[in-house]
Structures are given as C-alpha cells and as structure tokens.
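Input: a single structure, listed below in structure tokens.
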Amino acid sequence: MAAIDDVFAALTDLRARRPLVHNITNYVAMSVSANVLLALGASPAMVHALEEVEDFVAISDALAVNIGTLSPPWVEAMQKAVARANMLGKPWVLDPVGSGATPYRTRAAVELAALKPRSFAPTPVKSSASLEKLAAAKALIPPPRPTMPSPPPRRWRKERVPSSRLPARSTTSAMVPPPSRSRPATR
C-alpha cells in the first residue's frame, strides 16, 4: 500500500506545482500528450520553432522530446532545446519513435541521447516498441565479439517417400524422422 500512497503524494505535489512541460513532439502525439499532461495537472506547451526553443526551455520546468516528426530544422531545434535544458539543469525525456527504422532516425535518436551529461542522474528514455529500444541500445552499446553459430539440430527432414508408406489421404511428400544410424536409409 505504500507504493500507492507514494504515487498519490507525487500526483498531489505535481498538481500543486502545475509544472510547465515543453514538448517537441510529432503532429500525431501533440493532442494526446497535451491532454495527458493536463489530466495530470501539468501545463503543456507544444513549441518546436528553432527560433524560440532555447528561450522556452528557460521558462519551462521540463522538456519532452519525441522524434516522430523529423526534419533538419526539427532535429536542430531538439538539439538546441536539450543543450539548453542540460545547461539549466532541467529534466528532459527522449521518446525515440521509430529509431532503427532508418539510419537518419536512428542517428538523430543516438545524437540526442548522447547529449545527456554524465553529471546528471539518468533521464528515462520513453519507448513504446521493442524495435526502438533495441535500435537505441544497439547504437549506444558496442556489439559483442562475433561467434560462430552452431547449426540447428537435424531432427526431421522433408523427403519424397513411396506412396505405399503414407496414410491413404496424404500426398507423396511427408515429414519423416531421419534414418537411424544402425541401418542404411532406403529410398
């Protein structure tokens, strides 16, 4: 029950503070993100213009970056906003939508994740699909040394067998166990 009490206390505190959350998010998620933040008691702001993101981060309490809509100006705005949030010690979260789908998208996610300074506690990375998580992890963590894969065990094989060995309604091919090593295979 303590966990529920902690969640309730955190929600009560959030609603009392009404934090301003700066969002650089894709067109599809803007409305949903704004409504969720409003329901929680925060004040959402959807600001992605390159000319104002640094100033807006300065007056906000947190930053959420969602890479669902990517274009060079948006990526630059995201990088500037994250750099400013880091400089001011503001918390920020990255949603690497679709990272791994294209090299451009993966590179943008990796570059944004790399902007997190080591001196701050880790910022959670929001992700909804395992493809995104795997792509981000693969891009940030060096791959292990390659090993030789072992071939799969050969238990069953498909072969042509005489119709006399098949049940009445079967065709002329079937899955049969491999021949025993004690006697030669017959064809």
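Each label point was placed 7 Å from the Cα along the Cα-to-Cβ direction; for TYR27 and VAL93 their separation is 2.5 nm.
The chymotrypsin sites (Phe, Trp or Tyr not before Pro) of the stretch 1-85 include none that meets both conditions, a loop assignment by DSSP and at most 15 other Cβ atoms within 10 Å of the site Cβ. Stretching the chain fully between LEU14 and ALA49 yields a gain of 9.9 nm (0.36 nm per residue, less the alpha carbon separation).
Stretching ARG107 away from ILE4 to a fully extended chain increases their span by 33.2 nm, per 0.36 nm per residue minus the current alpha-carbon distance. Where does the charge balance sit around ALA9 when Lys and Arg score +1, Asp and Glu -1, over other residues with C-beta under 14 Å from its C-beta? After counting each charged neighbour, the total is -1. When the GluC sites (Glu not before Pro) in the stretch 22-119 are filtered for DSSP coil states and for at most 14 other beta-carbon atoms within 10 Å of their beta-carbon, the remaining sites are GLU51, GLU52.
The numbers here are math on the coordinates, done by the rules we state, and not lab data. The structure presented is a predicted model; accordingly, all values stated were derived computationally and were not measured. A quick note on method: Cβ atoms are made from the backbone with ideal geometry, for glycine too, and the neighbour counts reach across all protein chains shown.
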